[in-house]
Amino acid sequence: MRILVLVKRVPATGGRITLTDDGRAIDTRFLGFVVSPHEECAVEEAVRLIEANGGESVVMTLGPAEAADQLRDALAIGVDRAVLLETDGSDWDPLATATALTEAVRRLEDADGPFDLILVGNESADSGGFQVGIRLAVALDRPVVTGIKALEIRDGMATARRQVSGGFDIYELPLPAVVGVREGINLPRYPSVPGRLRAKKKEVETSTPDRPGNGGPVLDSLKLPVEQEAQAEILGSGPEAAPRVVEVMREIGVL
Amino acid sequence: MSAILVFVEMVDGVPDRLSAEALGFAGGVAKALGADLDAVIVGGDATAAAGLGGYGVGTVRLATSDRLSSYAPAAWGAAVAGVVAAGSYDAVIASASDTATEVLAHLAARTGQPMAANVTSAEPVAAGAWRITRQRWAGSLLEDATLDGQPRLLTVAPHVVPAMEPAAGAGPATVDRVDAAVTDSDLRARIVGRDVTAGDRVSLADAKVVVGGGRGMGSAEAFAMLDELAGVLGAAVGVSRVATSLGWRPHTQQIGQTGTRIAPDLYIACGISGAIQHIVGAKSAKRILVINTDPEAPIFKRATYAVVGDVHAVVPAITAEVRRVKGAG
Ligand SMILES: Cc1cc2nc3c(=O)[nH]c(=O)nc-3n(C[C@H](O)[C@H](O)[C@H](O)COP(=O)(O)OP(=O)(O)OC[C@H]3O[C@@H](n4cnc5c(N)ncnc54)[C@H](O)[C@@H]3O)c2cc1C
Ligand SMILES: Nc1ncnc2c1ncn2[C@@H]1O[C@H](COP(=O)(O)O)[C@@H](O)[C@H]1O
């Protein structure tokens, strides 16, 4: 079985977001980088499926040279190969992203055979376009389902569950297929030290895609939502605050 | 005459809540353009569809086919694409539900048009690009952008416009049945069944009081004290991503960008720092009570009430006090 996972490098913003002076990007000077939790789960799912069925897993990203770090995170937990489509780090719209990823998938498949499964996150953490996986699937003429919280592969079929109010809808789709997963589908492992060392030594297969024309939406500027910063009423410190806390609960009618 | 098409999901004969919001948003856009408002429903019955007249819809395109008995994302996309191709729409607007988003993305992929997800406002113009604002980071950040396309495709971010109430006395919408052209290939991915397991996610999303715990709880065992406090308050337990990543609690209890959105009267956040990805899931909470040892933690800026202290001492004291007060009452 061959599985491809797609991840996107994003800044790990903590308690607040700071923007660059031109207002077009997040100021990432003091930030670390990660991939979306959905994508972390997609990587873990790929590793588990290959552990169970044998075969090869490949992780791919379209992003700046530094995105090799996120690919190595995936290699560290057991993905076999890493592919970087290197950009200058500017924002690619979903259409352009999907076009470049589709071309890369075709190239990888021509060289080493088709992927039975392509796993993507339900949505990217930063731009949240909710579409790259579907665009890729349609371009490759493969079935796709998103929002998946449980996945089983058997006899060339994928059975996938999506959470809805009161339970799960069960989807079936024949392989090869594209599946968009949500965090909660599994609990990703932490990389081992040998895993990290192995990942460090592996090659990241790098190429530079042509940037297709802008499809849109075209980013103009970013802004923080207006939040009323509350001035918290301090009810006390330590356990002695309990009576005041309970008094407040009665005042606001939750007790 | 220009026209706007809105994709509507019906539940029990009326638009579901997010569709009612999308109808309100689309109605505003149509009015600004002096355009007609059409709706598209895939499957379903004509009588209910006519009821969309109360929501300002002139014509409902009811896309039907005996092959559309159970939801199949690509087939729904094909059905809507058929309606779009037969008309001349300035924009197609959908809610940001899982299904509506997926259907719109299929439409976008089929037609090669751009699509903007989670739009909070739009300045429609008859020709050329629209200036829009959309959510990034699940709403922790906003993006001003331009969106063009034939038609322009967008989903409406949840709960930024009120759900539309049907106008009493409005006439029924015209219902136009459209045969949806669905191919075998559109049906490859489809629903084959449902597993009814009432998880606790729903009660977390709907709970009036939520007791939340994060890394500051220190261990899986320490969550017993949150369960106990939740028990005496009739509250649901929610957690931060650290608590789920460490395996202390199941992901069904995670609050935030990649977890559940809560909207309680009171959210009691214990040992949680207040990362934007967590807070965005609690932004509809009416009040937040923070219990944290570090008065500099970002969550204090979002708190209504705060107790500075160690959760391991404060939480049991509150539980005991609630018990005492209840016993006395
Ligand atoms: C794309 C993306 C999506 C994410 N989605 C989510 C999400 O859905 N939900 C989510 O929660 N996070 C999410 N995160 C993670 C988020 O950024 C934070 O890492 C996480 O919320 C931190 O959890 P925490 O507050 O429990 O831990 P920490 O940030 O480590 O905070 C622990 C807090 O506990 C306090 N504390 C320590 N000891 C005690 C004590 N004894 N008593 C009282 N207080 C104490 C500390 O002062 C501190 O404030 C996401 C991150 C990314 C990048
Ligand atoms: N630049 C990228 N590189 C690799 N995969 C991506 C990229 N952008 C998006 N994806 C994948 O597509 C999913 C959906 O992205 P989006 O449509 O932006 O919400 C993400 O979770 C990723 O798995």
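The values are calculated or read from the model by the stated rules, or taken from the named source; none is laboratory data. If you're wondering where the values come from, they're calculated on a predicted model, not measured in any experiment. Because the Cβ atoms are built from the backbone with ideal geometry, glycine has one as well, and the counts that use them run over all protein chains shown. Keep in mind that these areas ignore ligands, DNA and RNA; they rest on the heavy atoms of the full protein, side chains included. Shrake-Rupley method; radii C 1.70, N 1.55, O 1.52, S 1.80 Å.
Can you tell me how many residues in the range A:45-101 are more than 14 Å from every other protein chain (Cβ to nearest Cβ), of a type outside the set (D, E) and either away from ligand 2 (no atom under 14 Å from the Cβ) or not in a helix (DSSP H, G or I) (or both)? Qualifying residue count, the range A:45-101: 29.
Restricting the range A:134-150 to residues that are more than 7 Å from chain B (Cβ to nearest Cβ) and buried (at least 22 other Cβ atoms within 10 Å of the Cβ), the residue that is nearest to ligand 1 (Cβ to nearest atom) is A:I148.
Residue count for the range A:1-25 satisfying the condition of being surrounded by 18 or more Cβ atoms within 10 Å (Cβ to Cβ) and either in a strand (DSSP E or B) or within 16 Å of ligand 2 (Cβ to nearest atom) (or both): 10. Residue-level analysis places A:A74 among those that are touching a residue at least 12 places away in the same chain (Cβ under 8 Å), open to solvent by less than 20 Å² (accessible area, probe 1.4 Å) and either of a type outside the set (S, T, N, Q) or in contact with a Phe, Trp or Tyr (Cβ under 9 Å, 6 or more places away or on another chain) (or both). Among the residues of the range B:136-165, those that are facing chain A (nearest Cβ under 7 Å) and among the polar types (S, T, N, Q) comprise B:S140, B:T146.
Entry remark, the range B:145-189: residues being in contact with a strand residue (DSSP E or B) (Cβ under 9 Å, 6 or more places away or on another chain) and either closer than 14 Å to A:G129 by Cα or of a type in the set (S, T, N, Q) (or both) number 9 in total.
Considered as a group, the residues in the range A:158-169 that are open to solvent by 30 Å² or more (accessible area, probe 1.4 Å) and touching an Asp or Glu at 6+ places or on another chain (Cβ under 6 Å) include one that is farthest from the other protein chains (Cβ to nearest Cβ), and that residue is A:T159. Looking at this structure, is B:V211 among the aliphatic types (A, V, I, L, M) and in contact with a helix residue (DSSP H, G or I) (Cβ under 9 Å, 6 or more places away or on another chain)? The answer is yes for B:V211.
Scanning the range A:192-216 for residues that are at pLDDT 95 or above and part of a loop (DSSP other than H, G, I, E, B) turns up A:S192, A:K202, A:E203, A:T208, A:P209. The helices (runs of 4 or more DSSP H) located wholly in the range B:1-100 that include 3 or more residues which are open to solvent by 10 Å² or more (accessible area, probe 1.4 Å) and under 15 Å from B:V175 (Cβ atoms) occupy B:46-50. Go through the range B:261-274 and count every residue that is buried (at least 23 other Cβ atoms within 10 Å of the Cβ) and either of a type in the set (S, T, N, Q) or facing another protein chain (nearest Cβ under 7 Å) (or both). Final tally of qualifying residues: 2. For the range B:216-234, the criterion of being more than 13 Å from every other protein chain (Cβ to nearest Cβ), open to solvent by 70 Å² or more (accessible area, probe 1.4 Å) and either at pLDDT below 95 or not in a loop (DSSP other than H, G, I, E, B) (or both) is met by at least one residue. Within the range A:104-133, which residues are open to solvent by 30 Å² or more (accessible area, probe 1.4 Å) and either in contact with a helix residue (DSSP H, G or I) (Cβ under 7 Å, 6 or more places away or on another chain) or near ligand 2 (Cβ under 9 Å from one of its atoms) (or both)? Residues satisfying the conditions are A:F130, A:V132.
Take the conditions more than 9 Å from ligand 1 (Cβ to nearest atom) and either surrounded by 21 or more Cβ atoms within 10 Å (Cβ to Cβ) or facing another protein chain (nearest Cβ under 10 Å) (or both) and apply them to B:A306. Does it pass? So B:A306 fits the description; yes. Filtering the range B:19-42 to residues that are of a type in the set (D, E) and farther than 18 Å from B:N118 by Cα leaves B:D36, B:D38. Residues that are more than 7 Å from chain A (Cβ to nearest Cβ) and open to solvent by less than 20 Å² (accessible area, probe 1.4 Å) were ranked within the range B:120-133; the one that is farthest from A:G23 (Cα to Cα) is B:W130.
A:L235: under 30 Å from B:H312 (Cβ atoms), free of Cβ contacts under 8 Å to residues at least 24 places away in the same chain and assigned to a strand (DSSP E or B), yes or no? So A:L235 fits the description; yes. With respect to (1) more than 29 Å from B:A96 (Cβ to Cβ); (2) touching a strand residue (DSSP E or B) at 6+ places or on another chain (Cβ under 9 Å), the lone exception for A:R161 is condition (1).
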